Amino acid sequence: MRPGPRQPRATAPQTPRDAAARPPRAPQSFRVGGRGPAPAPPRPKVGRSRGGGTAGESEVSCGAVAGFHTWQGICCEVWVQWRAFCVSLSVGAQLLFLAMCSHQRRVPQRFHVCECLEPTRCLGLRQLQSQVRAPIYNSSLGIHEADLFKTPATLISFIYPAQNPDLLKKLAEKRATVLAMDQVPRVTIAQGYDALSSMANIAGYKAVVLAANHFGRFFTGQITAAGKVPPAKVLIIGGGVAGLASAGAAKSMGAVVRGFDTRAAALEQFKSLGAEPLEVDLKESGEGQGGYAKEMSKEFIEAEMKLFAKQCQDVDIIITTALIPGKKAPILFNKDMIESMKEGSVVVDLAAEAGGNIETTKPGEMYVHKGVTHIGYTDLPSRMATQASTLYSNNIIKLLKAISPDKENFYFDPKDDFDYGTLDHVIRGTVVMKDGKVIFPAPPPNNIPQGAPVKQKTVAELEAEKAATITPFRKTMTSASVYTAGLAGMLGLGIVAPNAAFTQMVTTFGLSGIVGYHTVWGVTPALHSPLMSVTNAISGLTAVGGLVLMGGHYLPENISQSLAVLSAFISSVNIAGGFLVTQRMLDMFKRPTDPPEYNYLYLLPGGVFIGGYAAALSGGYNIEQVMYLGSGLCCVGALAGLSTQGTARLGNALGMIGVAGGLAATLGSLNPSPELLAQMSGAMALGGTIGLTIAKRIQITDLPQLVAAFHSLVGLAAVLTCVAEYMIEYPHFATDPAANLTKIVAYLGTYIGGVTFSGSLVAYGKLQGILNSAPLLLPGRHALNAGLLAASIGGMVPYLIDPSYTTGITCLGSVSALSAVMGVTLTAAIGGADMPVVITVLNSYSGWALCAEGFLLNNNLLTIVGALIGSSGAILSYIMCVAMNRSLANVILGGYGTASTAGGKPMEITGTHTEINVDNAVEMIKEANSIIITPGYGLCAAKAQYPIADLVKMLREQGKNVRFGIHPVAGRMPGQLNVLLAEAGVPYDIVLEMDEINEDFPETDLVLVIGANDTVNSAAQEDPNSIIAGMPVLEVWKSKQVIVMKRSLGVGYAAVDNPIFYKPNTAMLLGDAKKTCDALQAKVRESYQS
């Protein structure tokens, strides 16, 4: 319909056919309201849409866009069951009003709107087509709507260009200009044109109305005389416009509303409407682009599905709104979930047109499946036709008015260069085709505002939240339960104790464990390596068990005596080698400025202790128990002496005195014949000689594998001693009331010794390079280990029930083999970087094996020393696990990830790294006044400690403050890097632990990271989803400048990318650590000498 001034009465009005015959004016630029003769507008007629909806003044009748001379009316939508129109009655009247005012310059007294035209008539007359649905094939006419367009034409509609390339081709043939309402940018200036939000708002509301119509109860709860009726529970998935509209409508009707969304902001909006926001345990942000949530990780989706499955069993109504732009809607509810809902429940799938979020949805239909009503309508906005038409027509008219710079001549000019949030941005985003040329997608605008990124909670914040969830009652109850179990266990031991000697031994064991616990905690981390070495030497007291069980003359006379002499022999290797290695390490920590030492004077207390015992023994005094006590106290002093550098050498001397006194007391109590004494002396002398030879030749870099090898000897000695004790004591089992206890201890000692023996050998092979250091993850390894453990425990049944010697020896042999295999499978599954924990655990095992010998032989010394070593290894293992934020079980079972790992998708690292050469690094070093060096295992492997020590010496001479920061697990055993740096001559007082130096990084000018990766990885603090989340690390990135010296940008042992490589204050100096350190040392020396 072409609006214009009223014509004289004498002039006959033109018919629609006449109008159709008149050639249309070119659409490039046209006026709103034409000049010249025009017919009076016809009176409105009531039309009926294709879907059967009646349009009238109370509903939607017609409307169009003013300004086109060929405008004759409004086309009905041909989409199945679509009832809404593109322009409402009121908007059509407004357009007509504007057109007539523009032409006549006066307010008309009466308005009329046009009739609703059939598609063929409409499209054949008009050059501007505005509709809701995109043009489709009209089956009733046998032609595509796009083929009916004038050439050229202008179309305003929902187009979805990415999904409809064929439609764009058809429109291009018509040289059409297309404004896609679905492509209106979501910016502030375009809020009035956002038809997607308008339709989503209606769909969300209508979904609740339909659900209420098909649900058998009120939404609100009621308490009446007839009884109580609970409120309906509504679950809404998606916190967009539709989801929030549904939440508001359902809440206003009295329902209990729950909302789920992956975006934190959407959850807050649910909460503001009075709905209960639902979250999964995994922390992962779902913030996406264009108002949609992003696709989530596999782990998040699995947790999400578990939440939905649980909710399905509780809620009455589910409304889903989740969409992925350009893709099929994700399936969030499978068939099993829907079938678990209560009969009479209702589900409304607003994503049905895109495939649906519910597996059982039938798009466009409503049906009942297993008692659950499914509503999958794809035309929910048109089911509220008046509201939909009103809002959509307002969107169109506001858009058309806004994009034309001229209020009379309608035109627009899409530009490829535009700023964000401007009208040019709206025009360019909305117009997907111009004069038949596809210009979709629009180029990105200039000056895109960088919204504040969603602040991801740090690991510390998540840990604090987790701790806050533990109520004081639960915390106290847990503590009380532990003490209850401990005290109940003590009562149980008292009940099953066969005699007073066993109770006394348990008392000795308990007190020794407490003493060892408090003693080991006082050892400085820098001396952890000497601590392990001295405990290794002390654990050689397994020789006591061998000496007790030895027999014969110059040679053993049976199998049990042969096992005993072998045990004494290999234990002597540990004793001599362990103390010598400890002494070598302590000597490395000596500084040139330290006062002279006179450690040979400690021979005086040792001579008095052993000589005095010999004199007392010759005098007929029986003081073995006092000797054992003194030896045990000396061993405690050995551990306590390693608490500081000043007393470390005293500690090593006390350890030697304690072991020597224990062996002397054992020989004195046995009173062996000269032949047997010669056998004992020969075995121990040979073992000691071998141990001294190994300890003298070993390089300090090979210390971890030496410790592992010595641990294997302790384990083997324990196995041999336990088996030999069973053989010797077997004839007395029938009359001994403590026989079963002896057998149990022998069995346990054999098992622990077997695991220690084989596990230590595998650790040695990995550290020495004989075996691959990578974890060997056998298929079903957990089931295999569980089976081996079950078989080992099960072997105890025939061992205790059948008193025969054959059965007992067979069971001990079987458990030896099973425990050896288990030691291999457990240790092989642990990677080389976890060796610090492995070595400390094996150290602890050797102590418990020694305790088993003490119980077996009723020897206080072995029990005391075993408890000391066992607690020492356990504490060191705990320290290592805390340093990695992992549980001991996680490490021992070959697991990955820390205790704080959320389990979602790790954050993506963006940016580029900066590489420098040696000359650049030298300049940075010369300019820095405060320098911290953080070495890793790469320094150990490259043996780069010597050039670094020289470099540090030169820099300190220049007045620079140079220090080292050591991570507890940097190396292959606790304290290894401290020993290596001490060997190279680095003063121990500038080598600080992580906890001592971390707070100094912000004031540091330069940090040199040498061969370290995971121990300086900022993802441990920045990414809760990282597998090293929560692991304490050296915070090197907080310094002013960082130089990372590595072979490549590759990941560390944990296989986690390191964000510090890409931080702006980090420079990468790639290459071999030894060669790079040599070059740095030479260049710095040259620069200072020139």
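Cα-Cα over 25 Å: which of Lys960/Lys1038; Lys342/Lys466; Lys590/Lys1075; Lys206/Lys298? Kindly include the intermediate steps, with their values, before the conclusion.
On the way: Lys960/Lys1038 20 Å; Lys342/Lys466 34 Å; Lys590/Lys1075 28 Å; Lys206/Lys298 33 Å.
Exceeds cut-off: Lys342/Lys466; Lys590/Lys1075; Lys206/Lys298.
Kindly put Cys940, Cys851 in sequence by how many other C-beta atoms sit within 10 Å of each C-beta, fewest to most.
Details: Cys940 23, Cys851 29.
In increasing order of surrounding Cβ atoms, one gets Cys940, Cys851.
Three principal axis extents, largest first, for the C-alpha atoms of segment 918-1089, in Å?
Between the extreme Cα coordinates on each principal axis of segment 918-1089 lie 50, 33, 29 Å.
Applying a 10 Å radius around every beta-carbon, put 665-677, 812-824 in order of their mean neighbour count, most first.
Details: 665-677: 16.8, 812-824: 20.9.
Descending mean neighbour count gives 812-824, 665-677.
Return Met1045, Met796 ranked ascending by Cβ neighbour count within 10 Å, so the fewest neighbours appear first.
Met796, Met1045
Ranked highest first by the average count of other Cβ atoms within 10 Å around their residues, in what order do 975-983, 927-935 fall? Don't skip to the answer; put the middle values down first.
Numbers: 975-983: 25.8, 927-935: 21.4.
Packing order, densest peptide first, comes out as 975-983, 927-935.
Calculate how many DSSP beta bridges within segment 330-454 are antiparallel, expressed in % of all such bridges and rounded to the nearest 5. Before the final figure, lay out each step's value.
Values: 6 of 11 bridges.
Around 55 percent of the beta bridges assigned by DSSP in segment 330-454 are antiparallel ones.
Run the numbers on segment 918-1089 and let me know its relative contact order in percent, using alpha-carbon pairs under 8 Å that are six or more apart.
On the way: 317 pairs, mean separation 47.6, N = 172.
Here the relative contact order equals 28 percent.
Among the listed pairs Lys766/Lys1063; Lys170/Lys401; Lys271/Lys401; Lys766/Lys1040; Lys170/Lys415, give every one whose C-alpha distance is greater than 29 Å. Present the calculation step by step, with values, prior to reporting the outcome.
Numbers: Lys766/Lys1063 34 Å; Lys170/Lys401 27 Å; Lys271/Lys401 37 Å; Lys766/Lys1040 38 Å; Lys170/Lys415 24 Å.
In this structure, Lys766/Lys1063; Lys271/Lys401; Lys766/Lys1040 lie more than 29 Å apart at Cα.
Quick check on packing: order 560-567, 644-651, 317-324 by the mean number of other C-beta atoms within 10 Å, highest mean leading. Walk me through the numbers before you get to the answer.
Values: 560-567: 23.5, 644-651: 18.4, 317-324: 25.2.
Most protected by this proxy first, the peptides run 317-324, 560-567, 644-651.
Only counting other Cβ atoms within 10 Å, I'd like Thr756, Thr825 sorted with the fewest neighbours first. Write down the numbers at each step before the final one.
Numbers: Thr756 32, Thr825 19.
Fewest to most other Cβ atoms nearby, the residues stand as Thr825, Thr756.
Alpha carbon centre of segment 729-746 versus segment 215-239: separation in Å?
So the two Cα centres are separated by 72 Å.
Laboratory data are not the source of any read-out in this text; all were calculated from the coordinates shown. Keep in mind the model is a prediction, meaning the values are calculated, not measured. Ideal geometry is used to build each Cβ from the backbone, glycine not excepted, and the neighbour counts take in all protein chains shown.
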